[in-house]
Amino acid sequence: MKTLTLVLGMTLAIGNGMAQAATQEHDMSQHQMQMAPSTAGHQAVGIIKDVNPASGKVLISHEAIADLSWPPMTMWFALHDPLPKDLKAGDAIRFELMQGENKQWVIVKIGRK
C-alpha cells in the first residue's frame, strides 16, 4: 500500500511539473511573439485624449485590438508623422500602428473615424 501511495504521489508530482513547464513555455512564446518587431500594421479605433506635440506623442483611449490581444486601454503612442492639424483631443479616430525596431509602438496612419 505504501508503494502504491508513493508511486501515485510521484506520478502526480511529475505530471504537475510537466503541466507547469508547458504553461511556462506557452507564456514565454506569447511574450516573444508580442515583443518581436512587427512588419504588419494593426488597425484600431479610439479617442484622442491628449496631444504632446513637443514629444511627437498622442494619448489615445482605444478599443480592444484583437490581432494584438490587447484589451481596451488608454496609452501614449509615438507618431511617425506630425498629427494632422484638424485632429485634436476629443476626436474619434481610426489609426494604424506598427512596432518599430526599438519595440516602441508607432502610429503610422491616423484620421477621423
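Brief remarks follow.
- Residue in region 21-36 that is at pLDDT 95 or above and part of a loop (DSSP other than H, G, I, E, B) present: no
- Once region 78-108 is narrowed to residues that are in a strand (DSSP E or B) and farther than 20 Å from Ile47 by Cβ, the residue that is modelled with the lowest pLDDT is Gln99.
The values are calculated or read from the model by the stated rules, or taken from the named source; none is laboratory data. Small disclaimer: the values here were computed from a predicted structure and weren't measured. Every residue, glycine among them, receives a Cβ derived from its backbone with ideal geometry; neighbour counts consider all protein chains shown.
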